[in-house]
Ligand code: NAD
């Protein structure tokens, strides 16, 4: 660590130092129940976003390794799909307990690789844990349907069955929650699973895989590969993979949706967002300001459900100075430091992209009410920090409004009335989430009915549905037709077999062939 710090000071690329590399932990592949070192010569670095110190390396799995992983999934499917549903349920009941017991360790890994605060990292794990807990209800969720006596002596019933090998491709911003939206639901339905975590934060998925193995998941039911484009293309193309769950940016999500679908796979693709929070003048001011600040700047704005755009209606615009004061009071610091509210961004590239979007707003005429650039975080001068930033007088044509910023930046627009605010939101291409702050039920009802967005909060800034519902982002934020988790998640990972059976009494035997279409 001392050597690494000295090299950083001297600005010597760590890649040039063999000693540094040999002491850095490598992320293993998980193939057929074994954590194995990749034989690749192609590795990616993992940095702590608060310091930019090298904390690990992740392999780009070779073609042979990826083939071995999917073959292991295919073999395991033969027995796993026939395992009794009660046995699968027992494994996930043990799994949810292991996650609970190890939440601190998981959160530490998230903060190390992703940067978010420890408290927020625990929230990341808890939201994923809720999905695992819901998966434990599989004995009810997998029920089929029956309709007796559709005609004389004839009944119809359906079975809900697994589809085969499924795959998940995850983003960097929720290292626990999003992988836990994927493999637990896929596997509890009787599928086997190939997971590709984000190459920037693979550590948490590896810990989760070990816990699942400890909970009793048989070898081959979960395999993990690492990498970037080649791994993604492999998943899109391999004929044994029947379904792909993707969460990440639009660039990758649209590509994966198209390539996977062309190859005949089911694809569900959750993508980017620009979530608007509408502030009505009758709202509870104190609550609204606190909720806006928390939802815009929490996790340094790196949430797909961050409220990154505020629309002040009428005289609520007068609350802006207080909003700025409240945002200023947030403490920017490394995620593992006590009292930190806002951690660093994932990478130096993300930091410079966010800063250039702030600058574009200034150049296009927005008013910079709070500038988080050039923030100095004591003891962390190499970290990727941007402080809370607020741009007002933003218009729909500005780049800072059109693009997802994915940083601690709140852009503020104004509207004269609710209709104008709704029309603005409906013209934005994304449809992930939105919220309204009001004390008027009729206003809230009109908003929820007329706004064309998949997830709506009424006085709730981040309305991510609990797992008995589904994550229902829409329009430019989603490709596919079946959403993540909840009933829709079960539907995505299963297929239906419909049986029509007739049991006649012997004396009712047909006396001649029926050649007309049975009705
Ligand atoms: P990303 O698209 O860069 O990466 C996601 C995954 O796709 C990674 O595993 C990565 O290896 C792979 N990938 C990246 N670029 C690719 C490409 N060009 N072709 C093929 N594969 C590629 O996303 P990210 O930066 O890790 O995550 C941030 C994005 O995810 C934001 O846009 C955010 O809104 C979105 N997100 C959406 C949701 C949601 O549910 N809608 C949730 C979380 C994050």
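Counting the residues of the range 292-324 that are out of contact with any strand residue (DSSP E or B) (no Cβ under 9 Å at 6 or more places or on another chain) and more than 12 Å from residue 274 (Cα to Cα) gives 3. The number of residues in the range 167-199 that are touching a residue at least 60 places away in the same chain (Cβ under 8 Å), more than 7 Å from the ligand (Cβ to nearest atom) and over 27 Å from residue 75 (Cβ atoms) comes to 2.
When the residues of the range 219-268 are filtered to those that are assigned to a strand (DSSP E or B) and within 9 Å of the ligand (Cβ to nearest atom), the one that is farthest from residue 164 (Cα to Cα) is 247.
Just a yes or no: is a residue in the range 308-316 within 16 Å of the ligand (Cβ to nearest atom) and either at pLDDT 95 or above or assigned to a strand (DSSP E or B) (or both)? Checking the range 308-316: at least one residue is within 16 Å of the ligand (Cβ to nearest atom) and either at pLDDT 95 or above or assigned to a strand (DSSP E or B) (or both).
Among all positions in the range 274-284, there is at least one residue which is within 10 Å of the ligand (Cβ to nearest atom) and either farther than 19 Å from residue 389 by Cβ or not in a strand (DSSP E or B) (or both).
For residues that are more than 22 Å from residue 216 (Cα to Cα) and buried (at least 24 other Cβ atoms within 10 Å of the Cβ), tally how many sit in the range 149-170. Reasoning before the result, please.
Kept after step one, since they are more than 22 Å from residue 216 (Cα to Cα), are these residues of the range 149-170: 149-160, 169-170.
Now restrict to residues that are buried (at least 24 other Cβ atoms within 10 Å of the Cβ): 169-170.
Here the count works out to 2.
Those residues that are assigned to a loop (DSSP other than H, G, I, E, B), within 11 Å of the ligand (Cβ to nearest atom) and surrounded by fewer than 20 Cβ atoms within 10 Å (Cβ to Cβ), I need them from the range 473-501; list them, please. Residue satisfying the conditions is 476 alone.
Taken over the range 142-156, the criterion of being modelled with pLDDT of 95 or more and part of a loop (DSSP other than H, G, I, E, B) is satisfied by 142, 143, 144, 145.
Tally time: how many residues in the range 204-218 are within 15 Å of the ligand (Cβ to nearest atom) and either assigned to a strand (DSSP E or B) or surrounded by fewer than 23 Cβ atoms within 10 Å (Cβ to Cβ) (or both)? Walk me through it before giving the result.
In the first step, residues of the range 204-218 are kept if they are within 15 Å of the ligand (Cβ to nearest atom); the result is 204-206.
Those still in the list that are either assigned to a strand (DSSP E or B) or surrounded by fewer than 23 Cβ atoms within 10 Å (Cβ to Cβ) (or both) too: 206.
Of the residues in that region, 1 qualify.
Filtering the range 35-49 to residues that are under 27 Å from residue 219 (Cα atoms) and assigned to a loop (DSSP other than H, G, I, E, B) leaves 37, 38, 39, 40, 41, 42. Every condition in (1) within 27 Å of residue 137 (Cβ to Cβ); (2) within 15 Å of the ligand (Cβ to nearest atom) holds for residue 468 except the one numbered (2). Here residue 508 meets the list (1) modelled with pLDDT of 95 or more; (2) surrounded by fewer than 19 Cβ atoms within 10 Å (Cβ to Cβ) almost entirely, failing just condition (1).
The values are calculated or read from the model by the stated rules, or taken from the named source; none is laboratory data. Just so you know, these numbers come straight off a predicted model, no measurement behind them. We place every Cβ from the backbone using ideal geometry, glycine too, and count neighbours over all the protein chains shown.
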